[in-house]
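To start, the structure under review is shown below, and the notes come after it.
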Amino acid sequence: MSDAVTPFQAPIGTHDVLGAPSAEWEGLIATFAQYAYRFGFELVITPMFEDVGVFNRGIGEQSEMATKEMYVFTDRGNRTHALRPEGTAPVVRAFIQHSPTTPWKAWYFTPAFRYERPQKGRYRQHHQFGVEVLGTDDPAVDVEVIALAHRFYEAIGLTRFRLLINSMGDALCRAAYVELLRAHLAANVERLTDEHKNTWSRNPLRVLDCKVPDDQPYIDKLPSILDHLDDACREHFASVRSHLDARGIAYEVRPRMVRGLDYYMRTTFEITHGGLGAQNSVLGGGRYDGLAEAIGSKVPAPGIGFSIGEDRLVMILEESNPDRFKPAVDVFLAPMGQAAEEHAGELAAELRSQGFSVERSADRKLKRALEVANKTGARYTLILGDDEVSTGTYSLKDMASGEQVKLKRSELGARIKPN
RNA sequence: GUGGGCGUAGCUCAGUUGGUUAGAGCGCCAGGUUGUGGUCCUGGAGGUCGCGGGUUCGAUCCCCGUCGCUCACCCCA
């Protein structure tokens, strides 16, 4: 759009949030903050951009995200920065910089930027909230983190979600497995689709989560990473599973689940939900022992975390339960006349200080005021005419039932409660 | 980066095999009700038919380009 008279729009792959979805955003963030607090996490806020090295070294220089999806720019001091494409690496960088006592448990909410073609559930600026725990490799912590995610999804009333888990092994046994996989693929290269002919040697793991139906029988026969874990990794995974079982958290083991970032080790998990088209993942996470060292930590600092796609979550809730976080006005004030309007301002202040959500009409016809009250979804409308003000008696109308009573100001508190 | 679909009122969409004043529903505003909403009735506002160019006597419709939206691949939240 180069035409000067064309109105501006939000950039490609970004969107404004207002109306019902914005109420859901607020509700989701508040709910997540509450559960993160209950699980002992503190809020961490890191810059929206970092030295590009934080991401190159963190998520892997060869990864798609680093090579072609980052918003990289040079500032006026010739420093090369990148808008954060994901949430974990910056938190790990902050951990290294400040050395908080471990285990350090932090949660965050942040936009993330990736230069990709937008589609359903995928944006150039999307928003994630998530947690990280640094300084321990205890499998019980893995399960604490998964349990928080699980509890959160229950709390917001999301049903029909599936928790998928896997183990990616560690640097040693995974490397051995990848070579084994590469050998298998090399021996059968003619059976691969064109697409995989290009990827198998570069990143053999990618072939595992291929979606082409015709390839499935062949891929099913490839060796499973779970059969090639070393003793320590096998024990770790077994421990994670038994902790999950003990807590009654349902999960599915998916040995072919491959996560996109290079730093994942051992435990990986994902929560998926139908109704998101091809992008069905609403949460992704895993353990990333070694990431801190990759970014520059002098001491080993194993870690685990997850991030939730806020935009995708809102999309699901919009379809399944759009009124979940609908804000409710407790009292709508409908003043008529000069004296009543001034009185309404004073009364609104008092009710708000008591915790009520109060909306008020300007001085206008009562019919019109009630129409507006109805649209705001107010539970009660308080009718204030000059006669009500002079006698100190209000008319309180219950908007759902239509029932209307007269009462004195002092009786108001006993009649209605904040939502 | 690649491929498919789509751009007509605030929203969801009709429509014209190219013809003069472009429609509906919802929403919005006003009236029917002098102080009573959610139902109903009546009326009204609101559109350079994404933008630019071409073909034509004539384009919202056909052609080309462009911008945008959308879905999928890739990748991922």
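The values are calculated or read from the model by the stated rules, or taken from the named source; none is laboratory data. Being a predicted model, the structure only gives us computed values, none of them experimental. Using ideal geometry, Cβ is built from the backbone for each residue, glycine included, and neighbour counts are taken over all protein chains shown. Heads up: the accessible areas ignore ligands, DNA and RNA and are worked out on the full protein's heavy atoms, side chains in. Shrake-Rupley method; radii C 1.70, N 1.55, O 1.52, S 1.80 Å.
This table checks each residue for (1) under 19 Å from A:ALA292 (Cα atoms); (2) out of contact with any strand residue (DSSP E or B) (no Cβ under 9 Å at 6 or more places or on another chain); (3) aliphatic (A, V, I, L, M).
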{"site": "A:LEU18", "(1), (2), (3)": "no, yes, yes"}
{"site": "A:GLU24", "(1), (2), (3)": "no, yes, no"}
{"site": "A:PHE32", "(1), (2), (3)": "no, no, no"}
{"site": "A:PHE39", "(1), (2), (3)": "no, no, no"}
{"site": "A:LEU43", "(1), (2), (3)": "no, no, yes"}
{"site": "A:GLY53", "(1), (2), (3)": "yes, no, no"}
{"site": "A:ILE59", "(1), (2), (3)": "yes, yes, yes"}
{"site": "A:TYR71", "(1), (2), (3)": "no, no, no"}
{"site": "A:GLY87", "(1), (2), (3)": "yes, no, no"}
Test: residue in the stretch A:202-214 that is basic (Lys, Arg), closer than 15 Å to A:THR267 by Cβ and over 20 Å from the mean Cα position of the chain (by Cα): no
A:GLU310 vs. criteria closer than 30 Å to A:PHE269 by Cβ, open to solvent by 40 Å² or more (accessible area, probe 1.4 Å) and either within 15 Å of RNA strand B (Cβ to nearest atom) or of a type outside the set (Ser, Thr, Tyr) (or both): no
Whichever residue in the stretch A:172-198 is crowded, with 16+ Cβ neighbours inside 10 Å and at pLDDT below 80 and, among such residues, is farthest from A:TYR263 (Cα to Cα): A:LEU192
In the stretch A:244-281, the residues that are surrounded by fewer than 19 Cβ atoms within 10 Å (Cβ to Cβ) and in a helix (DSSP H, G or I): A:ASP245, A:ALA246
Criterion violated by A:VAL282 - all others in (1) in contact with a His (Cβ under 7 Å, 6 or more places away or on another chain); (2) within 26 Å of A:PRO204 (Cβ to Cβ) satisfied: (2)
Count - residues of the stretch A:264-301 that are within 11 Å of RNA strand B (Cβ to nearest atom) and acidic (Asp, Glu): 1
Residue that is nearest to A:VAL329 (Cα to Cα) [pool: residues in the stretch A:380-392 that are more than 9 Å from RNA strand B (Cβ to nearest atom) and modelled with pLDDT of 90 or more]: A:TYR380
Tally, over the stretch A:60-93, of residues that are part of a loop (DSSP other than H, G, I, E, B), over 24 Å from A:PRO204 (Cβ atoms) and small (Gly, Ala, Ser): 2
The stretch A:155-181, residues that are in a helix (DSSP H, G or I), small (Gly, Ala, Ser) and in contact (Cβ under 8 Å) with a residue 60 or more places away in the chain: A:ALA155, A:ALA171
Of residues in the stretch A:50-59 being in contact with a helix residue (DSSP H, G or I) (Cβ under 7 Å, 6 or more places away or on another chain) and in a helix (DSSP H, G or I), the one most open to solvent (accessible area, probe 1.4 Å): A:ARG57
Selection from the stretch A:282-293 of residues that are crowded, with 24+ Cβ neighbours inside 10 Å and in a loop (DSSP other than H, G, I, E, B): A:TYR288
